[in-house]
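The values are calculated or read from the model by the stated rules, or taken from the named source; none is laboratory data. Everything numeric in this text was worked out from a predicted model, so none of it was measured. No Cβ is skipped: glycine too gets one built from the backbone with ideal geometry, and neighbour counts run over all protein chains shown. Protein only, heavy atoms only, side chains kept; ligands, DNA and RNA dropped before computing areas. Shrake-Rupley method; radii C 1.70, N 1.55, O 1.52, S 1.80 Å.
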Amino acid sequence: MAKINIGDPQLNFELPGVDGIKHNIKNIQKIKVVIFSCNHCPYAQAWEDRIIKLQSEFSKHIQVIMISSNDAKQFPDDSFQEMVKRSKEKQFNFPYLYDESQEIATLYGAERTPEVFVFDASGILKYHGTIDDNYENESEVEKSFLKEAIENIINEKNPNPSITEPIGCTIKWKN
Amino acid sequence: MNITVLYCDDCPSLNPSLDRLKKVLSDENIKEEILLKKVESNEEAVKLKFIGSPTILINGIDIDPPENKSYFALNCRAFKKENGKISPIPPIDMIRKLVIQEK
């Protein structure tokens, strides 16, 4: 269960990215879309293209930060080297960070991949949950929860709903 | 016809996949029961060669035969759709193809 509630301030972190740079959420002045995800999970893969599209469409206002916290010992596809490959193959237009110690997933109380936390530009949590209501088929999406949350935050309104249920694989914790 | 579905609790894909399987069985007028087998640990996953949830076996044949590089673990299974996109739920035509073959 998430350890951060709507209205709470962002929990800062600094993590290494596939670009070889350490990224610190504190330094981002835009709306921050923090997504716990990974390489191997089919739910994460199903939504990847939509995340890329959102970053592209709202690049003026948002910064997506994708984090993988999975244990790469159990799931070799989620190793840092594989993350670098995936990011290149899919041409991720956002930082893809490795939470090897799983400290940040634990801090946030994230449980699924993908699981989204959206903070406004001042760093207050405004939305937590899933991306939309159809992981299988983008053309059949009826509720674009994340997109609508972003639009609301840009317009200085509170997202409604502000919480949805994250749907996906479980984060793969170390034994 | 022997119909077995291996699954694990870590993954939400079981029920939507079962809905598709039941639809195919109903369309094909097949009345056999679906045997559900829960995989409880990574050790059991290795033993059962379980590459993810759900694994649908018709007469012991996987609806989507795994690649050699697959590894066995408690996990959601990825299925490739005809358009090349990945889905956590098996496409209905993938299920139907093997059910008709084994009918």
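Among the residues examined, A:Thr170 does not qualify as touching a Phe, Trp or Tyr at 6+ places or on another chain (Cβ under 8 Å), at pLDDT 95 or above and within 14 Å of chain B (Cβ to nearest Cβ).
Among the residues making up the stretch B:53-77, those that are within 12 Å of chain A (Cβ to nearest Cβ), more than 20 Å from B:Val24 (Cβ to Cβ), open to solvent by less than 80 Å² (accessible area, probe 1.4 Å) and assigned to a loop (DSSP other than H, G, I, E, B) are B:Ser70, B:Tyr71, B:Phe72, B:Ala73, B:Leu74, B:Asn75.
Just to verify a result, which residue in the stretch B:20-39, among those that are open to solvent by 100 Å² or more (accessible area, probe 1.4 Å) and not basic (Lys, Arg), is nearest to B:Leu6 (Cα to Cα)? By that ranking, first place goes to B:Leu35.
Residue by residue through the stretch A:117-170, note down the ones that are in a strand (DSSP E or B) and of a type in the set (S, T, N, Q).
If the condition is that a residue be in a strand (DSSP E or B) and of a type in the set (S, T, N, Q), then A:Thr170 is the only one that fits.
Find the helices (runs of 4 or more DSSP H) located wholly in the stretch A:33-116 whose residues include 3 or more that are polar (S, T, N, Q), and list them. Those helices (runs of 4 or more DSSP H) span A:42-57. Pairs linking a residue in the stretch A:1-23 that is without any contact (Cβ under 8 Å) to a residue 60 or more places away in the chain to a residue that is open to solvent by less than 80 Å² (accessible area, probe 1.4 Å), with Cβ atoms under 6 Å and 6 or more positions apart or on different chains, are A:Asn12/A:Ile25; A:Glu14/A:Asn24; A:Lys22/A:Pro16. Taking the criterion of being within 14 Å of chain B (Cβ to nearest Cβ), of a type outside the set (Phe, Trp, Tyr), touching a strand residue (DSSP E or B) at 6+ places or on another chain (Cβ under 8 Å) and open to solvent by 20 Å² or more (accessible area, probe 1.4 Å), the only residue of the stretch A:123-163 that qualifies is A:Glu136. Among the conditions (1) open to solvent by 40 Å² or more (accessible area, probe 1.4 Å); (2) within 23 Å of A:Gln74 (Cβ to Cβ); (3) not in a helix (DSSP H, G or I); (4) not aromatic (Phe, Trp, Tyr), B:Lys47 misses just one, which is (3).
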